[in-house]
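Please read the structure below before turning to the comments.
The values are calculated or read from the model by the stated rules, or taken from the named source; none is laboratory data. Since we're looking at a predicted model, the values are computed, not measured. Neighbour counts are summed over all protein chains in view; Cβ atoms, including those assigned to glycine, are modelled from backbone coordinates with ideal geometry.
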Amino acid sequence: MKVFACIAATAALLAFAAPASAQFAKPEDAIKYRQSSLTVMATHFGRIGAMVNGRVPFDAKLAAENADIVSNMSKLPWAAFGPGTDKGSIPTRAKAEIWAEQAKFKELNDKLVAETTKLAAAAKTGNADTLKAAFGSTGAACKACHDNYQAKL
């Protein structure tokens, strides 16, 4: 049993160590992945927003759970913006500038990941005002990327 567990763990680690682009057989796979990741992140960020904006009662436990999800999800979609994933048969709002300005796009990605980490830490304090401040900074990081790299509908 221990041998099987070691083999399974090794296989899992190797799978995670493979380049992210190898995970996507077609551009459509990458587009679906990043859209799904961003949708989940936005949903949980919206739940926090409802609390900090007073639309629902503040619940420290739920805020922390949602902030952790946002923080974890913020790390996922960026690998799906690799070369060749700018076009596919699935409609996408991703602008061509993402692939033309990779350094700037990565900088904004890194900023969002940093801000979502701060959001999760703020949520763990249980203080609504601390969470609200972190929520604003995280929202600004989201907006910066959207303003530059997301096509309007």
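Of the residues 92, 117, the single one that is under 14 Å from the mean Cα position of the chain (by Cα) and β-branched (Val, Ile, Thr) is 117.
For every residue, the table says whether it meets (1) more than 18 Å from residue 47 (Cβ to Cβ); (2) free of Cβ contacts under 8 Å to residues at least 40 places away in the same chain.
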| residue | (1), (2) |
| --- | --- |
| 105 | yes, no |
| 112 | no, yes |
| 123 | no, no |
| 128 | no, no |
| 135 | no, no |
| 140 | yes, yes |
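Hey, any hits in the range 62-71 for a residue that's closer than 18 Å to residue 37 by Cα and touching a strand residue (DSSP E or B) at 6+ places or on another chain (Cβ under 9 Å)? No, because not a single residue in the range 62-71 is closer than 18 Å to residue 37 by Cα and touching a strand residue (DSSP E or B) at 6+ places or on another chain (Cβ under 9 Å). Can you confirm whether the range 67-84 contains a residue that is crowded, with 20+ Cβ neighbours inside 10 Å, under 26 Å from residue 25 (Cα atoms) and among the aromatic types (Phe, Trp, Tyr)? Yes - at least one qualifying residue is present in the range 67-84. When 30, 42, 50, 67 are checked against the criterion of being at pLDDT 95 or above and within 18 Å of residue 125 (Cβ to Cβ), 67 stands alone in meeting it.
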